[in-house]
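**Q** My structure is below; once you've seen it, I'll send some questions.
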Amino acid sequence: MKPADAIRAELGRIALELGAPEGTDVVLERPREAAHGDWASNVALILARPLKQKPRDIAEKIRAQFRAEEAGVATVEVAGPGFLNFRLRPAVIASVAGEIVAAGESYGRSDVGRGAAVNVEFVSANPTGPLHVGHGRQAALGDAIATLLEHTGWDVSREYYYNDAGAQIDNLAASVRARLLEARGESAEIPEGGYHGEYIREIAASFQGDADDLAAVRAHAVRALRLEQDLDLAAFGVTFDMYFLESSLYEEGLVEKTVAALTRAGKTYEHEGALWLRTTEFGDDKDRVMRKGDGTYTYFVPDVAYHVTKWERGFKRAIDVQGADHHSTVTRVRAGLQALGIGIPEGYPEYVLHQLVTVTRGGQEVKISKRAGSYVTVRDLIDEVGRDAVRYFFIMRKGDSPLIFDVDLARSQSEENPVYYIQMAHARMCGIFRVGAEQGIATAAAVDADLSLLTEAEEQQLIKALEDYPAELAGSAAALEPQRIASYLLETARLAHLWYHKHHVLGQEEALMRARLVLARAAQIVLANGLSALGITAPERM
RNA sequence: GCGCGCGUAGCUCAGUUGGAUAGAGCGUCUGCCUCCGGAGCAGAAGGUCGUGGGUUCGAGUCCCGCCGCGCGCACCA
């Protein structure tokens with residue numbers, strides 16, 4: 001049993017004895033001030049109201065009844081308005097290092113998801129050009145969220161939705177055709193809203209067939225760009241379980257079927273030649289057109305049909321990672337799903353929206369890529385700074401905030417670069433074992449070492465951080481916020497560097513060295529597990 | 001104008017879902033150090049958490065108003 005669990009159990013027992021209501025949540029947290037101990041609890045403050053007593057009086061009673069010895073606690077203090085501060089025996093803290101080494105790769109994982117199926121949809125770019133940095137942010141966020149969910153017991157399916165049926169695909173086809181005609185010596189204009197990038201010329205050049213056969217041009221262009229995007233994703237190391245084509249919704253009649261179901265449910269009406277959905281019944285500020293006067297559907301209708309398939313495919317949760325410029329779809333898609341009245345939960349799907357990405361080099365904003373013309377591509381970034389740095393930078397800020405991608409910092413091999421700093425901490429831990437082996441020292445991180453020797457302040461601090469990893473992972477996954485793990489890793493790396501610089505492992509007296517080897521291994525494991533949850537490699541040397 | 005998001009140290013940002021005296025890195029200042037791996041360590045200065053109210057034992061965190069910035073407001077996607 002972990003130290004915190006022992007305290008929690010003891011607090012729970014006493015709370016019940018004092019007459020606390022059933023289900024009182026005993027919360028333990030890390031005090032901000034080190035002077036306040038290793039763990040603190042606010043139970044006494046929580047119980048003040050139901051017990052109709054002063055918080056400090058309750059705290060005193062709890063302190064009096066607390067069996068410190070059994071819980072591994074050295075001191076219990078009542079502080080401030082009624083907090084209980086606990087200080088653990090150093091040996092109890094140190095013992096955690098052994099548990100981490102014993103758990104290894106599985107350390108930090110949990111089973112809160114109980115194997116339930118979750119669909120995580122991300123990137124979902126239109127096949128009209130190479131992936132841009134916004135897609136990159138989605139790829140990094142989506143993949144990390146998916147992995148975090150896997151590490152907390154969910155059965156995750158990564159999905160990519162190709163909008164291959166809309167007007168923008170017509171623009172793509174027309175753009176390529178314009179280049180084809182141009183090559184044939186005819187004057188041709190890229191249409192309004194068309195695509196001007198260099199890649200359009202490349203696609204035109206690789207087209208073999210009749211330039212007047214627009215359907216063939218279109219099919220060729222979509223195929224070429226899907227391939228292109230696959231290469232972008234491969235370079236990023238992201239793989240999907242499912243690629244879903246918007247066009248298949250039409251081919252299989254699912255759009256029609258959804259419209260019919262909505263009509264049958266009585267949630268639609270005809271007005272001025274169009275078919276409307278009563279989205280105002282579900283929180284929208286005005287009703288929305290589903291079928292336009294020309295008989296075609298507005299974009300959110302296939303989106304609703306698509307999400308119905310997610311539900312019908314058995315996904316208890318669906319998470320969509322999108323740019324914040326799409327936030328207007330949230331209400332509409334959810335409204336459509338609710339209007340169907342088929343038991344889909346209200347918050348389905350969940351959305352993770354992110355703000356814009358700005359790329360800077362030398363302090364100046366970079367806007368242009370050679371091939372894409374008007375925007376920086378994911379591939380440009382990966383080629384320049386590497387996959388790991390791109391991933392870390394894209395998730396180190398919460399999605400709600402705009403992201404500035406500093407290329408100079410991302411490629412820098414210095415400790416100012418957070419990715420480098422974290423990976424370096426991992427490599428250093430590995431280095432201890434490598435150098436030890438080279439010197440012929442037995443460096444097995446044996447869990448039977450006497451861990452009570454790990455009493456230095458830096459050691460205790462590092463171990464406490466390592467102990468927090470499972471809770472950080474669970475919190476990060478629950479909130480769908482990978483940046484928490486990014487921050488956590490940075491702080492943990494800092495503590496690992498600090499310890500490494502101050503206290504040597506190799507060359508110490510045997511028993512102490514054996515204990516420190518366990519700590520080095522524990523730190524290595526946590527850093528590696530955390531990096532892997534973010535889709536970043538943990539090099540053994542750099 | 002309406003909707004969503006953001007506003008925390010000179011700069012870049014954390015802030016564990018409402019806890020105690022709001023933190024880190026960079027930069028600045030002072031003093032050490034040259035170690036398994038490229039520098040690091042100790043300390044200092046730096047804040048009205050945009051602003052004004054509210055909720056309560058307690059607010060950076062929740063609610064309302066205002067200011068500023070971003071995004072979206074189509075029978076486009």
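Every number in this text was worked out from the coordinates using simple rules, so none of it is lab data. What you see is a predicted model, and the numbers here were worked out from it, not measured in a lab. Cβ sites come from the backbone with ideal geometry, for glycine too, and all protein chains shown count toward neighbours.
**Q** Sorted from largest to smallest, which semi-axis lengths in Å does the alpha carbon gyration tensor of the range A:202-277 give for its equivalent ellipsoid, taking the root of 5 times each eigenvalue? Please report the intermediate quantities before stating the final value.
**A** Values: eigenvalues 255, 85, 20 Å².
For the range A:202-277, the semi-axes come out at 36, 21, 10 Å.
**Q** Let me know the Rg and Dmax you get for the range A:244-302 when you use only its Cα atoms, in Å.
**A** 11.7, 34
**Q** Still on this structure, I have one more. Give, in nm to one decimal, the length gained when the segment between A:Tyr250 and A:Gln439 is fully stretched (0.36 nm per residue of separation minus the Cα-Cα distance). Intermediate results must be reported in sequence, preceding the final value.
**A** Values: separation 189, 0.36 × 189 = 68.04 nm, distance 6.71 nm.
Going from the current span to full extension adds 61.3 nm.
**Q** If you look at just the Cα atoms of the range A:237-388, how large are its Rg and its Dmax in Å?
**A** Using the Cα atoms of the range A:237-388, the pair Rg, Dmax is 19.1, 59 Å.
**Q** Continuing with the same structure: What does a probe at A:Val447 reach in the range A:109-126, counting residues whose amide N is under 20 Å from the point 7 Å along Cα→Cβ?
**A** Output list for this probe position: A:109-111.
**Q** A further question follows. Across chain A, what fraction of all alpha-carbon pairs, as a whole percent, falls in each successive 10 Å bin from zero upward?
**A** Over chain A, the share of Cα pairs per 10 Å bin runs 3, 15, 20, 21, 18, 12, 7, 3, 1, 0 percent.
**Q** Place the peptides A:107-120, A:404-417, A:518-531 in order of packing, highest mean first, counting for every residue the other Cβ atoms within 10 Å and averaging per peptide. Kindly include the intermediate steps, with their values, before the conclusion.
**A** Values: A:107-120: 17.1, A:404-417: 15.6, A:518-531: 26.2.
Ranked from most to least packed, the peptides come out as A:518-531, A:107-120, A:404-417.
**Q** Could you give the length gained by full extension between A:Asp155 and A:Arg541, i.e. 0.36 nm per residue of separation minus their alpha carbon distance, to one decimal place?
**A** Values: separation 386, 0.36 × 386 = 138.96 nm, distance 3.29 nm.
Once the chain is fully extended between A:Asp155 and A:Arg541, it gains 135.7 nm.
**Q** For chain A, what is the relative contact order in percent, using Cα pairs closer than 8 Å and at least 6 residues apart in sequence? List each step's numbers first, then the result.
**A** Details: 904 pairs, mean separation 89.7, N = 542.
After rounding, I find 17 percent.
**Q** If R₀ is 25 angstrom, what is the calculated FRET efficiency for the pair A:Ala167 and A:His327, using the beta carbon separation as r and rounding to 0.05?
**A** On the way: r = 21 Å, r/R0 = 0.83.
Taking R0 as 25 Å, the efficiency between A:Ala167 and A:His327 is 0.75.
**Q** With a Förster radius of 41 Å, plug the Cβ-Cβ distance of A:Asp285 and A:Ile404 into 1/(1 + (r/R0)^6) and report the FRET value to the nearest 0.05. The partial results should precede the final answer.
**A** Values: r = 33 Å, r/R0 = 0.80.
E between A:Asp285 and A:Ile404, to the nearest 0.05, is 0.80.
**Q** Please compute the length gained on full extension between A:Leu356 and A:Glu270, using 0.36 nm multiplied by the number of residues separating them and subtracting their Cα-Cα distance. Please report the intermediate quantities before stating the final value.
**A** Values: separation 86, 0.36 × 86 = 30.96 nm, distance 3.78 nm.
Roughly 27.2 nm would be gained on extension.
**Q** Obtain the nm distance between the two label points defined at A:Ser110 and A:Glu77 by a simple spin-label model: each point lies 7 Å from its Cα along the Cα-to-C-beta direction.
**A** About 2.9 nm, to one decimal.
**Q** On a 0 to 90° scale, report how tilted helix A:328-340 is relative to the longest principal axis of chain A, with both axes built from alpha carbons and the result rounded to the nearest 10.
**A** Here the helix axis deviates by roughly 90 degrees.
**Q** Using alpha carbons only, what's the Rg to Rh ratio of the range A:23-138 with Rh from Kirkwood?
**A** Working: Rg = 22.5 Å, Rh = 18.4 Å.
Checking Rg against Rh, the ratio lands at 1.22.
**Q** While we're here: Measure nothing fancy, just the Cα-based angle from helix A:3-17's long axis to the longest principal axis of chain A, in degrees from 0 to 90, nearest 10.
**A** It is inclined by approximately 80 degrees.
**Q** Give me the angle, in degrees from 0 to 90, between the Cα long axis of helix A:469-479 and the longest principal axis of the Cα atoms of chain A, rounded to the nearest 10.
**A** Here the helix axis deviates by roughly 30 degrees.
**Q** Between A:Ala234 and A:Asp213, what's the calculated FRET efficiency when r is the beta-carbon distance and R0 is 45 Å? Round to 0.05.
**A** Values: r = 31 Å, r/R0 = 0.68.
Once rounded, the FRET efficiency stands at 0.90.
**Q** Step by step: find N for the range A:309-362, compute 2.2 N^0.38 Å, then divide the Cα radius of gyration by it. What's the final number?
**A** Working: Rg = 14.6 Å, N = 54, 2.2 N^0.38 = 10.0 Å.
Against the empirical 2.2 N^0.38 Å value, I get 1.46 for the range A:309-362.
**Q** Among A:487-493, A:353-359, A:241-247, A:253-259, how do they line up by average Cβ neighbours within 10 Å per residue, starting with the highest?
**A** The peptides rank, most packed first, as A:487-493, A:353-359, A:253-259, A:241-247.
**Q** Per 5 Å bin from zero, what fraction in whole % of the C-alpha pairs of the range A:390-471 is there, up to the bin with the longest pair?
**A** It works out to 3, 11, 12, 17, 19, 14, 11, 7, 5, 2, 0, in whole percents.
**Q** Could I ask something else about it? Go through A:126-137, A:70-81, A:194-205, A:155-166 and give me the packing order, highest mean Cβ count within 10 Å leading.
**A** Details: A:126-137: 23.3, A:70-81: 16.4, A:194-205: 18.8, A:155-166: 20.6.
Ranked from most to least packed, the peptides come out as A:126-137, A:155-166, A:194-205, A:70-81.
**Q** Same structure, new question: Give, to the nearest whole percent, the P(r) tail of the range A:175-224 beyond 15 angstrom, counting all Cα pairs. Kindly include the intermediate steps, with their values, before the conclusion.
**A** Values: 442 of 1225 pairs.
Of all Cα-Cα pairs in the range A:175-224, 36 percent lie more than 15 Å apart.
**Q** Related question: Please express the Cα-Cα pair-distance distribution P(r) of the range A:3-88 as a list of whole percents, one per 5 Å bin, running from 0 to the bin with the greatest distance.
**A** 3, 17, 30, 28, 16, 6, 0
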